[in-house]
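Comments concern the structure below.
The values are calculated or read from the model by the stated rules, or taken from the named source; none is laboratory data. Note that the structure is predicted; figures quoted are calculated from it, not measured. Please note: Cβ atoms are built from the backbone with ideal geometry, for glycine as well, and neighbour counts cover all protein chains shown. These area figures cover heavy atoms from the full protein model, side chains too; ligands, DNA and RNA do not enter into them. Shrake-Rupley method; radii C 1.70, N 1.55, O 1.52, S 1.80 Å.
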4 protein chains.
Amino acid sequence: MAKQRITIISTGGTIEKTYDELSGVLANKVSVLDVMLASLELRGVEISRVSLMNKDSLEMSAYDHTLIAETAVTLARAGESVVVVHGTDRLAESGERVVEMFGTPPRPIVFTGAMRPYELRSTDALQNLTEALLAVQLVPPGVYVAMHNQVLAFPGVQKDRGAGTFVRREGT
Amino acid sequence: MAKQRITIISTGGTIEKTYDELSGVLANKVSVLDVMLASLELRGVEISRVSLMNKDSLEMSAYDHTLIAETAVTLARAGESVVVVHGTDRLAESGERVVEMFGTPPRPIVFTGAMRPYELRSTDALQNLTEALLAVQLVPPGVYVAMHNQVLAFPGVQKDRGAGTFVRREGT
Amino acid sequence: MAKQRITIISTGGTIEKTYDELSGVLANKVSVLDVMLASLELRGVEISRVSLMNKDSLEMSAYDHTLIAETAVTLARAGESVVVVHGTDRLAESGERVVEMFGTPPRPIVFTGAMRPYELRSTDALQNLTEALLAVQLVPPGVYVAMHNQVLAFPGVQKDRGAGTFVRREGT
Amino acid sequence: MAKQRITIISTGGTIEKTYDELSGVLANKVSVLDVMLASLELRGVEISRVSLMNKDSLEMSAYDHTLIAETAVTLARAGESVVVVHGTDRLAESGERVVEMFGTPPRPIVFTGAMRPYELRSTDALQNLTEALLAVQLVPPGVYVAMHNQVLAFPGVQKDRGAGTFVRREGT
């Protein structure tokens, strides 16, 4: 049986923040995605990586959101299932951008992120990456966020900042 | 939006084994499922627990497999999505039993387990439980195993003992 | 055999920083010392806790250093072995202050801290706390820092910011 | 300042047990000491390793205890501070053997072990290794066990199997 192909686009965000001992802060410097992937058992899939940027999503420009959308759709059109690792603050902007610009892509595009960096002892990073990698194999073509044991389809998704998770926008 | 209802049936297996300091061995004594569940962020679902047995699956009898199959299908007929935590050595026997006895259940039944107990520093237990809890929300009614980033449908699944994972049986 | 009495004075610093999901930064808000202590096996000692302050040591005033020195010596005069958990940036100021103000205390006073918060997956916090709790039982009366597998006596200790650890000041 | 030299003699025991997925048991196969050492910050010391054996101490013969004692004392006579990693069940036999055969060695010899393997999520292995590496720098020449935040001198030490730790033998 042919292995399913998944491309992970990394853009930064809390999930990838690492600790700098000298300054004592968490920042997006190096990607820890490879460490996370190495800690998972991934059978039946063939994973490629695209390191697009490494930004706190609060610092993303309109151009960044468009670049992320175009990159994801280009890969989906080439037959890849796509996971996008993204800061949660502006994740919904990138997700909506894909749908606005391109409608339904030919393969699933699943966004994910984390409220607590992988570097922390207690983190949702591995859970969310695990969920995105599985969801992208199971859902029909479309654009989604997978996090905290739920999968929501764009358009109509927003971050609930108080609860620290994603919800459907009312009326959608 | 109504929360999705998931019932987890625990039967034991490697995933739940704990370490006994006095004898120095890993055994199925107390369930660590609640600790695992507490470490995950589970939104949008309502989880119930059924502690059916706590056995190494190598010690399961034909009656045990039937009991597991009957319990899972009874819950699925009551409208529950069902996750079964099971030892991997005989997981496929229980999965096949469900299909033989009852065909396709009205709700998804997803089996999972682990090659390395949750108690270990390096373990696939949380990954597999995460995958089962997500898969049961996404797949159509049927009987499955979710583990190591893949979801396989019964009948026709077996453990590959050398690779330590599940594969499709040849010819199915 | 009577249990040895140790009092831990907590003052904050990197070792105790916790992650705030909403602001996305590590800060001194609640003490995680009790969680650290619960994760260690501590036989033969009776531990008391004094929560004196919870500050990044870069924000400590001259008064803070004096308060820490006076509190530590008061406890040592009452027969307690004393461990002081402290930010590393100004730890040496507090250590030198004890010696300047009070000379050699009647019981050992051992400072410790960490370069990486306990909340991180990879941290020196538990190692350093373990070392301070053991050193305070083994060294003669005096003022010390215990960290990174070495114990250094005040006066004459300084932080080597490049190496991220403590060293003897040249000529002492 | 010259770095202090410490030699670690590994003999096996619970602390070093690793999990074998195929058989599902914890056993002494490969040494995890190097992984443990890499996770600690060790300044001011120069560590050498002697892998003497890798045995559950319940399987040690009289010859094994003698070999451990002779190796430790040979190294101490060569000017090394010595840490011996040992199964706890027969640790006291090896410690007493050193004193019986050689009296007080010229450098400290500190035994340590663990009740729960390093491979477990919750373990006393790193704490005990940390304590042994620090104690061996602070205690006067003699033979000791360092574990669970206490250091006890041979002769006169035994394992309290109910409490899972070491205590002084009554009357010593």
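Things worth noting here:
- Positions within segment C:102-120 being away from every other protein chain (no Cβ under 14 Å), in a loop (DSSP other than H, G, I, E, B) and in contact with a Ser or Thr (Cβ under 8 Å, 6 or more places away or on another chain), in sequence order: C:R107
- So B:L42, is it in contact with a His (Cβ under 9 Å, 6 or more places away or on another chain) and either among the hydrophobic types (A, V, I, L, M, F, W, C) or in contact (Cβ under 8 Å) with a residue 12 or more places away in the chain (or both): yes
- Looking only at residues of segment C:56-66 that are touching a helix residue (DSSP H, G or I) at 6+ places or on another chain (Cβ under 7 Å) and of a type outside the set (V, I, T), we find that the one that is modelled with the lowest pLDDT is C:S57.
- Note on segment A:125-138: residues that are under 13 Å from the mean Cα position of the chain (by Cα) and either within 7 Å of chain B (Cβ to nearest Cβ) or open to solvent by 20 Å² or more (accessible area, probe 1.4 Å) (or both) amount to 7.
- Any hit, segment B:63-84, residues being more than 19 Å from B:P141 (Cβ to Cβ) and among the small types (G, A, S): no
- Subset of segment C:3-21 that is within 14 Å of chain D (Cβ to nearest Cβ) and under 19 Å from C:V84 (Cα atoms) - its residue that is most open to solvent (accessible area, probe 1.4 Å): C:R5
- Here B:N149 meets each of (1) closer than 26 Å to A:I6 by Cβ; (2) modelled with pLDDT under 95; (3) not aromatic (F, W, Y) with one exception, condition (2).
- Per-region count, segment D:139-166, residues open to solvent by 50 Å² or more (accessible area, probe 1.4 Å) and either hydrophobic (A, V, I, L, M, F, W, C) or closer than 23 Å to C:V145 by Cβ (or both): 1
- Restricting attention to segment D:59-80, the residues that are of a type outside the set (D, E) and more than 22 Å from D:G156 (Cβ to Cβ) add up to 9.
- Test: residue in segment D:72-82 that is in contact with a strand residue (DSSP E or B) (Cβ under 8 Å, 6 or more places away or on another chain) and in a strand (DSSP E or B): yes
- The residue that is surrounded by the fewest Cβ atoms within 10 Å (Cβ to Cβ), counting only those in segment A:44-101 that are under 14 Å from the mean Cα position of the chain (by Cα) and within 14 Å of chain B (Cβ to nearest Cβ), is A:S81.
- Counting the residues of segment B:22-40 that are in a helix (DSSP H, G or I) and open to solvent by 30 Å² or more (accessible area, probe 1.4 Å) gives 3.
- Qualifying residue in segment B:93-106 (condition: of a type in the set (S, T, Y) and closer than 20 Å to A:N149 by Cα): no
- Taking the conditions (1) on the phi > 0 side of the Ramachandran plot; (2) assigned to a helix (DSSP H, G or I); (3) not hydroxyl-bearing (S, T, Y) in turn, B:G12 satisfies each one other than (2).
- Pairing each residue of segment A:134-146 that is on the phi > 0 side of the Ramachandran plot with any residue that is β-branched (V, I, T), provided the two are 6+ apart or on different chains, yields C-beta distances under 6 Å for A:G142/A:T104.
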